[in-house]
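**Q** First, the structure itself, so that you have it in front of you.
Each reported figure results from applying straightforward, stated rules to the coordinates on display, with no laboratory input. Just so it is clear, the structure is predicted and the values come from calculations on it, not from any experiment. All Cβ positions, glycine included, derive from the backbone under ideal geometry; neighbour counts span all protein chains shown.
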């Protein structure tokens, strides 16, 4: 190749590289709308802050300590000095709000985001999540927010307590007793958590969507039954006499069983299409595995299905709305009663003089849940036999069978692959005490229902 050819080839290569840079740079503004000058675009302070935040989140994910420290230092100082600090503060809050919204679209609800922030990091991270949720909710009319979301927001006390968004990051750090570096680190950790949360099954409408009317029986019928059940369970939880607790809980279960069957027949008679829905119930430490087992056996007794998501600290329950309500009510009451019985039972030290409280209570609650499950299964078989022999069996059994099939189909679609988790029992005294407490409970998932 001659010298002139090499020069032309080099010139063409440089021109191609320049064109590629222009395409990457994009428009520069009104003076160069097509990006023809080829000069690199200079990012604004806001764009630079957002780039550094994004790099910090990626470094956090890849566990690249040096890069993460570099990004944190840049965000702490702020690009461009004092004005850059304010720009970083605004960018951090905007990123938090955007990622909260994205998490909602992936199925996460407010209480679940706060729960996972506390589990993965600390209570401080949970408080930051609450504030981000409160700020994001400002964009939605209350009339377009589902009632369960409203209840969660009220329970979280999610309120915008700061005067102006530009000041939020600074005043939040002061409230938490953090210097700016610690504040930046916490916010990057929460952002990383939000970005990496997997999609989960939506359990209700997002804020801003139209409220759909679910198929339910008359509201006053449901509310009267639930009020009576709550009153009975409250009495069962408050009494110090096991026999009274037995009677109150058994009566509550009878009401729930009657309501379940009445509801199914009412919907079938009306020709409506009642559909299974999904609900998630938070399970807190300590002893979350046996608590989850208790929820599972109660769910099965109420014709629901449950699966524990250990990392995030909740159990997903699938069933018809009325059955889910019964499941949550009964589980909550049983957990109160089991906890009271567990704390009254006094563990002893082992032969080496070591404290066995934790192993005793773990075994106690596991045995309690296991024994309750056995009793619920026995009760279910008895009720099935009575329904088969009843005069209304020809009408009732196909309805209940169809509902059970619908719950199974929805559950298996959501969770096509499941793994089993075994809970270890290493304290015989705790196991025996837990089974004895379950025996005293005399609980039944479905009581025989006499039709008049």
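**Q** Fully extended, how many nm does the chain gain between residue 285 and residue 58 (0.36 nm per residue separation, minus their Cα-Cα distance)? The partial results should precede the final answer.
**A** Numbers: separation 227, 0.36 × 227 = 81.72 nm, distance 3.04 nm.
Roughly 78.7 nm would be gained on extension.
**Q** Ok, one more. With just the Cα atoms of region 45-196, tell me how far they stretch along each of the three principal axes, in Å, largest first.
**A** Rounded to whole Å, the extents work out to 44, 33, 28 Å.
**Q** When the chain is fully extended, how far beyond the present Cα-Cα distance does residue 178 get from residue 123, taking 0.36 nm per residue of separation? Working shown, then result.
**A** On the way: separation 55, 0.36 × 55 = 19.80 nm, distance 1.39 nm.
Length gained between residue 178 and residue 123: 18.4 nm.
**Q** To continue, here is another question. Mind giving me the nanometre distance, one decimal, between the label points for residue 227 and residue 344, set 7 Å out from Cα along Cα→Cβ?
**A** Distance between the two pseudo-spin positions: 3.1 nm.
**Q** Just subtract the alpha-carbon distance of residue 239 and residue 209 from 0.36 nm times their residue separation and send over the number in nm, one decimal. Walk me through the intermediate numbers first.
**A** Numbers: separation 30, 0.36 × 30 = 10.80 nm, distance 4.42 nm.
Residue separation times 0.36 nm, minus the Cα-Cα distance, leaves 6.4 nm.
**Q** Which residues among region 120-136 fall inside the zone where the amide N is under 14 Å from a point 7 Å beyond the Cα of residue 159, along Cα→Cβ?
**A** What the label zone holds, given the 14 Å backbone N cut-off, is 131, 134-135.
**Q** Can I ask one more? Based on the Cβ-Cβ distance of residue 46 and residue 417, what FRET efficiency does E = 1/(1 + (r/R0)^6) give at R0 = 60 Å, to the nearest 0.05?
**A** Efficiency, rounded to the nearest 0.05: 0.85.
**Q** Ratio of region 50-135's C-alpha Rg to 2.2 N^0.38 Å, to two decimals? Write down the numbers at each step before the final one.
**A** Details: Rg = 13.9 Å, N = 86, 2.2 N^0.38 = 12.0 Å.
Against the compact-globule rule of thumb, the ratio is 1.16.
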